[in-house]
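The values are calculated or read from the model by the stated rules, or taken from the named source; none is laboratory data. Since we're looking at a predicted model, the values are computed, not measured. Positions of Cβ are generated from backbone atoms using ideal geometry, with glycine treated the same way; all protein chains shown enter the neighbour counts. Only protein heavy atoms, including side chains, enter the accessible area calculation; ligands, DNA and RNA are left aside. Shrake-Rupley method; radii C 1.70, N 1.55, O 1.52, S 1.80 Å.
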Amino acid sequence: MVHSEAAAADVLVAGAGPVGLTAAAELRRRGISCRIVDRLPARLPYAKAVGIQPRTLEIWDRMGFVRAALEAAVPMRGQLTYVNGVEQPRLDLVLPPEVPYRFAALPQYETERIIEGFLEGFGTRVERGSELVSFVQDADGVTCRLTTPAGEEEVRTRFLVGCDGAHSVVRKGLGLAFEGGAFPEEYMLADVELDWDLPYGYAVRAMHHDAGGAVDDVLVCIPLPGACRYRVSMSVPPELSTAAPTGADAVAHGLEGGRAPELRHIQAVVDRMSPQPATASALRWSSVFRISHRLVERYGRGRVFVAGDAAHIHPPTGAQGMNTGIQDAWNLAWKLALAVEGAGAPGLLASYDAERRPVGQEVVGRTVRQAAEGVQADPEDADTLMMRQAQLLVGYRGSPLVQADPEDGDGAGPRPGDRAPDCGGLSGHVAAYPMRLYDLLRGREHMLLLYGPGPELDGLAELASVVRGHAPGRVEVCAILAEAGPEAEADAGRAAPVPVYRDGRGEFARMYGVREPAAFVVRPDGYLGARLCPPTLSGLEAHLSAVFGSGS
């Protein structure tokens with residue numbers, strides 16, 4: 001066995017799907033040494049996870065590569081539904097105008113290509129054909145055993161992150177329970193062209209109900225980049241059906257090899273279910289797919305963590321799985337970076353489970369419910385349902401890492417633990433064009449936003465000193481003034497040792513629900529850690545202590 005101290009890293013990521021790549025990219029973006037291994041010799045050309053939620057696009061914006069994704073994706077405008085050949089009311093995917101991104105579709109192999117390219121920009125490549133087979137952790141780190149093309153290798157690392165899927169070696173090595181169940185149905189998945197003329201950018205869901213009202217046949221088509229190209233799913237014909245795997249460690253979920261449907265199997269369902277006569281052609285790949293619903297008992301133990309399908313699996317309803325996993329990785333990565341640098345509070349890493357496991361639990365329950373009863377099973381109004389599907393309502397209120405909600409004013413605006421919303425209309429001293437708040441946040445870590453109704457920024461020096469004491473060099477400060485004349489803005493700029501922007505259209509005040517002086521701490525993952533109205537030294541100090549410890 002080769003002992004590889006020279007090739008050791010602060011973090012080892014097992015699994016190079018979208019979740020593992022996100023974790024590795026975020027760590028490298030922060031300067032943390034990281035290795036990422038994957039047992040497959042090459043990226044798979046399968047359009048497994050396709051839907052990209054607006055929240056994921058916000059994450060990619062913050063990371064710095066959203067443009068590449070936008071140029072590769074196609075819009076998801078809504079869904080056309082047919083029941084027994086009769087068209088139902090069209091579902092249009094509509095979000096409030098202040099949300100910067102809409103729904104999109106991008107095949108998983110393209111998502112992986114884009115994130116992998118971003119990761120390589122930091123000098124880190126996926127080590128393909130290399131698999132984590134076991135690990136042992138102690139108080140100071142994790143000893144990992146890998147099988148690689150060159151043989152066995154033993155690697156010492158400070159932390160291990162398991163993004164290695166439903167059959168996770170990391171999860172099993174931790175001895176974590178993965179409770180849940182499985183759906184008896186099997187489905188075919190395929191990537192094909194369909195020569196119909198249905199509206200561009202719309203998914204198609206065609207169902208057949210039997211005499212008792214139960215669904216006995218279904219065809220679902222999700223648009224992909226390319227002329228008339230779709231990822232289609234449908235029930236498996238008897239000739240391709242087999243029993244689910246059994247045994248204590250069996251998880252019947254995901255693609256299954258050895259039973260690839262042929263084009264004739266796809267065409268038979270299209271002939272039965274398509275709302276228009278259509279021919280399926282140009283088959284790129286196909287597979288049989290099984291669905292389980294499971295949730296790990298905890299998202300980590302000690303120095304070892306799980307994310308994505310290693311932590312939660314569920315029906316693909318609403319394209320929630322991969323997007324939820326990407327948020328797992330994003331939440332964990334910035335906390336790991338602080339822990340590696342010795343800059344995090346003692347409870348920082350424990351907050352990963354406290355914040356993300358309830359999200360996984362909610363997503364599993366919702367997707368199982370919707371798979372059985374349809375999206376209409378949720379009793380929310382249409383606008384709330386759309387925001388939830390877009391993952392814009394995911395939040396961490398009550399987390400030990402966020403300030404207790406002060407319930408200031410009339411309760412308008414986001415609270416601690418909520419997503420920090422975007423807004424437009426910000427102007428600076430030099431730029432002649434309006435900017436978005438997300439333009440100011442892009443590529444940054446923690447940000448203290450100070451809001452004032454005019455040029456008065458009393459207490460700024462004291463607040464800045466608290467930041468320097470608890471998180472030197474780790475929290476940037478920015479001031480946003482209510483609508484004011486250029487002279488007042490210039491006076492504030494001369495008086496303040498921080499960048500100053502003007503809320504010329506009042507969008508920041510409206511979106512954040514403030515009229516009086518206020519301070520907001522925006523975390524690296526785009527959530528509010530604290531809302532201080534009015535700003536107080538004690539409130540800011542208490543929040544920073546929860547994240548960074550007692551300071552220097």
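Note that the stretch 18-126 presents 39 Å² accessible area per residue, ligands and nucleic acids not counted, probe 1.4 Å. Plainly put, the stretch 63-106 has a radius of gyration that is 1.13 times its Kirkwood radius, both from alpha-carbon atoms, as the Rg/Rh ratio.
What residues from the stretch 157-190 fall in the zone where the backbone N is under 16 Å from a label point 7 Å along the Cα-to-C-beta line of ALA268? Backbone N within reach: 186-190.
What number, in percent, do you get for the relative contact order of the stretch 1-130 if the mean sequence gap of Cα pairs under 8 Å and at least 6 apart is divided by its residue count?
Value for the stretch 1-130: 36 percent.
For the chain, calculate the relative contact order in percent as a whole number, restricting contacts to Cα pairs under 8 Å that are 6 or more residues apart.
Values: 1176 pairs, mean separation 80.7, N = 552.
This gives 15 percent for the chain.
Normalising by residue count, the stretch 114-172 has a Cα convex hull of 109 Å³ per residue.
In Å, the Kirkwood hydrodynamic radius of the chain over pairs of distinct alpha carbons? Mind dumping the intermediate values first?
Numbers: mean 1/r = 0.0401 Å⁻¹.
Computed over Cα pairs of the chain, the Kirkwood hydrodynamic radius comes out at 25.0 Å.
Relative to the longest principal axis of the Cα atoms of the chain, the long axis of helix 54-63 makes an angle of roughly 50 degrees. In a fully extended conformation the segment linking ALA404 and ARG125 would gain 96.3 nm over its present Cα-Cα distance, using 0.36 nm per residue.
Considering helices alone, the calculated mean residue ellipticity of the chain at 222 nm is -8500 deg cm²/dmol, with DSSP H runs of length four and up weighted by -39500 (n - 2.57) and normalised per residue.
Remark: spin-label model distance ARG301-ALA139 equals 1.9 nm, labels positioned 7 Å along the Cα→Cβ axis. About its Cα centre, the chain has a charge dipole of approximately 840 debye under the convention of +1 per Lys or Arg Cβ and -1 per Asp or Glu Cβ, with nothing else charged. Projected over every direction and averaged, the convex hull enclosing the alpha-carbon atoms of the stretch 34-119 yields 8.1 nm². Leaving out ligands, DNA and RNA, and with a 1.4 Å probe, what % of the accessible surface on the stretch 13-137 is carbon or sulfur? For the stretch 13-137, the apolar C and S fraction of the accessible surface comes to 51 percent.
Based on C-alpha pairs under 8 angstrom that are at least 6 apart in sequence, the stretch 262-341 has a relative contact order of 19 percent.
Per-residue extension of 0.36 nm, minus the Cα-Cα distance of ASP92 and HIS209, leaves a gain of 39.8 nm for this segment.
Using the Cα centre of the stretch 120-197 as the reference point, and only Cβ charges (+1 on K/R, -1 on D/E), how large is the resulting charge dipole? Debye, rounded to the nearest 20.
So the magnitude is around 680 debye.
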